[in-house]
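Student: Handing you a structure now.
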Amino acid sequence: MRKFGFVAAAALALPLQSPSFAQVPAPVDLETIRPVSGSWSYHSVAGGSWAAFVDGRADQKLILRCNRAARTVSIVRTGVPAAAPTLTIWTTTSDRSVPSRFDATRTLSADLAAMDPLLDAIAFSRGRFATAARGAALLAVPVEPEPVRVIEDCRS
């Protein structure tokens, strides 16, 4: 009986290391963050569409891509230096860390179902939304018609 009490007490003394605890996003005040200067472009392709945000130096920073067959919208951060388990997305009404995948072209992608409420939060965010991941700095971009159109393409 004593052994059990000692083991339980020792287990309680260990730091929490659950993935959900480690991935809690820090609050971001989108009212005070200036979005990166740049522009969105929209592209219709067979099976879906995509919108790309290019910054003032002509570097592609963020892509929203619709896969109509899968009814998913992928949010893709480019130029990410290393893999991260999640991509955190902030809007003026919501934030969430979404499981992500990393590939050899240094992109970090997170997939959302076309009807996910986080996509509505992006579309209706006041002026901007932001993304970040471990090893990838916060990127705030303006909300424009192009990414909203991609979301709508996946829903129709």
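The values are calculated or read from the model by the stated rules, or taken from the named source; none is laboratory data. It should be emphasised that the depicted structure is a prediction, and the values quoted were computed from it without experimental measurement. Here the Cβ positions follow ideal geometry from the backbone for every residue, glycine too, while neighbour counts run over all protein chains shown. Keep in mind that these areas ignore ligands, DNA and RNA; they rest on the heavy atoms of the full protein, side chains included. Shrake-Rupley method; radii C 1.70, N 1.55, O 1.52, S 1.80 Å.
Student: Out of all the residues in segment 53-69, which are free of Cβ contacts under 8 Å to residues at least 40 places away in the same chain and of a type outside the set (V, I, T)?
Tutor: Listed by number, the residues that qualify are D55, G56, R57, A58, D59, Q60, A69.
Student: Would you confirm whether any residue within segment 91-113 is in contact with a helix residue (DSSP H, G or I) (Cβ under 8 Å, 6 or more places away or on another chain) and farther than 22 Å from P145 by Cβ?
Tutor: yes
Student: Looking at R57, R77, R155, can you tell me which residue is closer than 28 Å to T32 by Cβ and open to solvent by less than 60 Å² (accessible area, probe 1.4 Å)? Can you show your working first?
Tutor: Values: R57 fails: open to solvent by less than 60 Å² (accessible area, probe 1.4 Å); R155 fails: closer than 28 Å to T32 by Cβ.
The conditions single out R77.
Student: Restricting to segment 106-116, what's the tally of residues that are of a type outside the set (D, E, K, R) and open to solvent by 100 Å² or more (accessible area, probe 1.4 Å)?
Tutor: First, pick out the residues of segment 106-116 that are of a type outside the set (D, E, K, R): 107-110, 112-115.
Now drop any that are not open to solvent by 100 Å² or more (accessible area, probe 1.4 Å), which leaves 115.
So the count comes out to 1.
Student: Kindly list the number of the only condition in (1) at pLDDT 95 or above; (2) under 20 Å from V28 (Cβ atoms); (3) open to solvent by less than 10 Å² (accessible area, probe 1.4 Å) that fails for D120.
Tutor: Among (1) at pLDDT 95 or above; (2) under 20 Å from V28 (Cβ atoms); (3) open to solvent by less than 10 Å² (accessible area, probe 1.4 Å), the lone unmet condition for D120 is (3).
Student: Continuing with this model, one more query. Being of a type outside the set (D, E, K, R) and either without any contact (Cβ under 8 Å) to a residue 40 or more places away in the chain or within 19 Å of T92 (Cβ to Cβ) (or both) is the filter here, so list the residues in segment 135-154 that pass it.
Tutor: Taking segment 135-154 first, the residues of a type outside the set (D, E, K, R) are 135-143, 145, 147-148, 150-151, 154.
Residues satisfying the conditions are A137, L138, L139, A140, V141, P142, V143, P145, P147, V148, I151.
Student: Right, next: Please state which of the following conditions A137 fails to meet, knowing it meets all the rest: (1) in a helix (DSSP H, G or I); (2) closer than 17 Å to S97 by Cα.
Tutor: Here A137 meets the rest and fails (1).
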